[in-house]
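Chemist: Below: one structure in structure tokens.
The values are calculated or read from the model by the stated rules, or taken from the named source; none is laboratory data. For clarity, every value in this text was computed on a predicted model and none was experimentally measured. A quick note on method: Cβ atoms are made from the backbone with ideal geometry, for glycine too, and the neighbour counts reach across all protein chains shown.
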Amino acid sequence: MSTRVRSFSKINLGLAIGPSRPDGFHALTTLYQTLAAHDLLTIEARKLTAGKSSIILTTNDNRVPTDQRNTVWKMLNKALSGKPPVEVHVHIEKRLPVQGGLGAGSANAAAALIGLEHDLNQQLPGAERLRIAAEVGSDVPLFLVGGAVLGLGRGEEVYPMPDLPETHCVVALPSLGVSTPQAFRDWDSRHAESLTQAPSSDRLKELSRALSACLCEPHSSGVFSLGEDRPGNLLLALVRTGIENDFEEVVFCQHPLLGDIKRILVFSDHPEQSALYAALSGSGSAVFGLYETEAAAQAAEERLSANGIASMRTKTLPRKAYWRTMIKGSTKG
């Protein structure tokens, strides 16, 4: 028997960078949002009567490692540690960009664990799931929650937030890479003095409070009472909190094209086709825009295409839909 699992992606609706911690990571506050765009994983697990567990990875993309460097391998190795032996085969069908800021590798790890549990009909306790995920990578735990997720610590401390309405999303996929470690180094160089002082930590607290207050205040019909019952209203409420991605300050300097892409996503000669919100996702290189209508999203795609920029059109994925659609199906071997 095998299990097919959709490995969804994410964007960062806001990301604030704090001081470097003793463990070398930076303190972060971010609001993750899962997207419907996904890779597809096929997991087949077989219990063994003796010996050690084994993990075999294959993929359709030769840029993806199939050994111990892969987050899928790391996740399953930790999940199987101390358990009866199992032989696991995982095929990763890549549909998302590699190292694009959409959390694809982290999502693969979480999806592989969900697929393993489904195939074996055994489930780890939720706390153990999250502990293992945090050990594998900062972005992995969010994919064990789905929807709108507040990320603290280095991003691995995750808290489910009230969901945003399903919203049209266009993700620009430029053919350049961004080094996350270098982006952090550039940030540290620019903010060397302020990052040693309390105000940098206060910034993280301020964003956390703003996001929590905005998303948790009383509302009706799934959106805030800011006028008509429209998805854009909730996003506009978030925008008014001042959410932004701090990485843009340094990444756009190193890669001006990404700043140009954000402007293309945001602005249109027709106001109804402008983005509700646009930002860099993570440290990039993906840049996304959120739109009130499908027509506006399509127009943004066309603007990008006219400038030679590849993109994909998708939607934000609320938590219930995330879990309802994750398992694509099971097949007998």
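Chemist: For segment 135-147: of the residues being aliphatic (A, V, I, L, M) and more than 10 Å from the chain's Cα centre (by Cα), which is farthest from residue 74 (Cα to Cα)?
Modeler: 145
Chemist: Restricting segment 306-328 to residues that are farther than 23 Å from residue 4 by Cβ and not in a strand (DSSP E or B), which is nearest to the chain's Cα centre (by Cα)?
Modeler: The residue in question is 310.
Chemist: Run down 69, 4 and say which single residue is among the charged types (D, E, K, R) and farther than 26 Å from residue 320 by Cβ.
Modeler: 69
Chemist: Small (Gly, Ala, Ser) and either in a loop (DSSP other than H, G, I, E, B) or at pLDDT 95 or above (or both), is that true of residue 284?
Modeler: For residue 284, the condition - small (Gly, Ala, Ser) and either in a loop (DSSP other than H, G, I, E, B) or at pLDDT 95 or above (or both) - is met.
Chemist: Look at residue 59 and say whether it is out of contact with any helix residue (DSSP H, G or I) (no Cβ under 8 Å at 6 or more places or on another chain) and in contact (Cβ under 8 Å) with a residue 12 or more places away in the chain.
Modeler: Taking the combined requirement at face value, the residue satisfies it.
Chemist: I need every pair where a residue in segment 233-248 that is closer than 19 Å to residue 183 by Cβ has its Cβ under 6 Å from the Cβ of a residue that is acidic (Asp, Glu) and modelled with pLDDT of 80 or more, sequence separation at least 6 or different chains.
Modeler: Hits for this filter: zero, empty list.
Chemist: Kindly indicate whether residue 311 is under 21 Å from residue 104 (Cβ atoms) and in contact with a strand residue (DSSP E or B) (Cβ under 8 Å, 6 or more places away or on another chain).
Modeler: yes
Chemist: One residue is enough: does segment 83-97 have a residue meeting the conditions at pLDDT below 95 and in contact with a Ser or Thr (Cβ under 7 Å, 6 or more places away or on another chain)?
Modeler: Yes, there is a match, as at least one residue in segment 83-97 is at pLDDT below 95 and in contact with a Ser or Thr (Cβ under 7 Å, 6 or more places away or on another chain).
Chemist: Go through segment 153-193 residue by residue and tally those that are over 19 Å from residue 101 (Cβ atoms), hydrophobic (A, V, I, L, M, F, W, C) and not in a loop (DSSP other than H, G, I, E, B).
Modeler: Within segment 153-193, residues that are over 19 Å from residue 101 (Cβ atoms), hydrophobic (A, V, I, L, M, F, W, C) and not in a loop (DSSP other than H, G, I, E, B) number 0.
Chemist: Moving on to the next point. Applying the selection to segment 241-270, what residues are at pLDDT below 90 and either on the phi > 0 side of the Ramachandran plot or part of a helix (DSSP H, G or I) (or both)?
Modeler: The answer is 242, and nothing else.
Chemist: Please go through segment 287-305 and give me each residue that is assigned to a helix (DSSP H, G or I) and not acidic (Asp, Glu), ordered by number.
Modeler: 295, 296, 297, 298, 299, 300, 303, 304, 305 - these are the residues of segment 287-305 that are assigned to a helix (DSSP H, G or I) and not acidic (Asp, Glu).
Chemist: If I filter segment 35-48 for residues that are free of Cβ contacts under 8 Å to residues at least 12 places away in the same chain, loosely packed, with under 14 Cβ neighbours inside 10 Å and not assigned by TED's automatic domain parsing to the domain that holds residue 213, do I get at least one hit?
Modeler: no
Chemist: Somewhere in segment 135-152, is a residue among the aliphatic types (A, V, I, L, M), surrounded by 22 or more Cβ atoms within 10 Å (Cβ to Cβ), farther than 20 Å from residue 317 by Cα and touching a residue at least 24 places away in the same chain (Cβ under 8 Å)?
Modeler: Scanning segment 135-152, I find at least one residue that is among the aliphatic types (A, V, I, L, M), surrounded by 22 or more Cβ atoms within 10 Å (Cβ to Cβ), farther than 20 Å from residue 317 by Cα and touching a residue at least 24 places away in the same chain (Cβ under 8 Å), so the answer is yes.
Chemist: With the structure loaded, tell me whether residue 238 is closer than 27 Å to residue 146 by Cβ, at pLDDT below 95 and buried (at least 19 other Cβ atoms within 10 Å of the Cβ) or whether it fails that test.
Modeler: Answer is yes for this residue.
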